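A.B. asks: This is the structure, below, for whatever I ask next.
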Amino acid sequence: QVELVESGGGLVNPGGFLRLSCVASGTFFSTNNMGWYRQAPGKQRELVSRITSSGVTNYADSVKGRFAISRDNAKTTVYLDMRSLKPDDTAVYYCFLNDYRKTYWGQGTQITVSS
């Protein structure tokens, strides 16, 4: 059983900063990808960013230069630092872990960017 627990969502003003955290527990391969998807109302879920266990990162074009992903393998935790937030970033953000056998998901955390 693998569990992902997210924290750090909330309401923020445009231009503001938020940090999301996601802690993974349970049994999974140490070689894996962790990261974040998001889903806005009426839109498909989209990949925001991911990071491999060796530290290789990918970002959606819409967040490049504003978001930064990192991970602490000892703590099996992934972080997403989000700067210069825009109303278009409003969505439910889902943490995931893919260990090349299965993809596991967090419960989702709401981020609302609004003044």
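A.B. asks: Give me the accessible area per residue for the stretch 1-62, probe 1.4 Å, as a whole number in Å².
C.D. replies: Averaged over the residues of the stretch 1-62, the accessible area is 57 Å².
A.B. asks: While we're on this one: Sequence neighbours fewer than 8 away in the same chain don't count; with that in mind, list the lysines whose C-alpha is under 24 Å from residue 86.
C.D. replies: The qualifying lysines are 43, 64.
A.B. asks: Now a separate question. What part of the accessible area of the chain, given as a whole %, is carbon or sulfur when the probe is 1.4 angstrom? Intermediate results must be reported in sequence, preceding the final value.
C.D. replies: Details: 2920 of 6160 Å².
Roughly 47 percent of what the probe reaches on the chain is carbon or sulfur.
A.B. asks: Averaging sequence separations of C-alpha pairs under 8 Å and six or more residues apart, then dividing by the length of the chain, give the relative contact order as a whole percent.
C.D. replies: 36 percent
A.B. asks: Next question. Take residue 74 and residue 1, extend 7 Å from each Cα along the Cα→Cβ direction, and tell me the distance between the two endpoints in nm.
C.D. replies: It works out to 2.8 nm between the two label points.
A.B. asks: Under 10 Å, Cα contacts only: if you run a Gaussian network model on the chain, which one of 83, 45, 101 comes out with the highest mean-square fluctuation?
C.D. replies: 101
A.B. asks: What FRET efficiency comes out for residue 13 versus residue 56 if R0 is 35 angstrom and r is the Cβ-Cβ distance? Round to the nearest 0.05.
C.D. replies: Given R0 = 35 Å and the Cβ-Cβ separation, E is 0.60.
A.B. asks: Can you tell which of 21, 53, 30 shows the greatest fluctuation in a Gaussian network model of the chain with Cα springs below 10 Å?
C.D. replies: Maximum fluctuation in the GNM of the chain, among the listed residues, is at 30.
A.B. asks: At a Förster distance of 30 Å, what's the computed FRET efficiency of residue 102 paired with residue 40, Cβ-Cβ distance as r, to 0.05? It would help to have the intermediate numbers written out before the result.
C.D. replies: Values: r = 26 Å, r/R0 = 0.87.
It comes out at approximately 0.70.
The values are calculated or read from the model by the stated rules, or taken from the named source; none is laboratory data. Predicted model, so just to flag it, every value in this text is computed and none were measured. Because the Cβ atoms are built from the backbone with ideal geometry, glycine has one as well, and the counts that use them run over all protein chains shown. Surface areas here come from the heavy atoms of the whole protein model, side chains and all, with no ligands, DNA or RNA. Shrake-Rupley method; radii C 1.70, N 1.55, O 1.52, S 1.80 Å.
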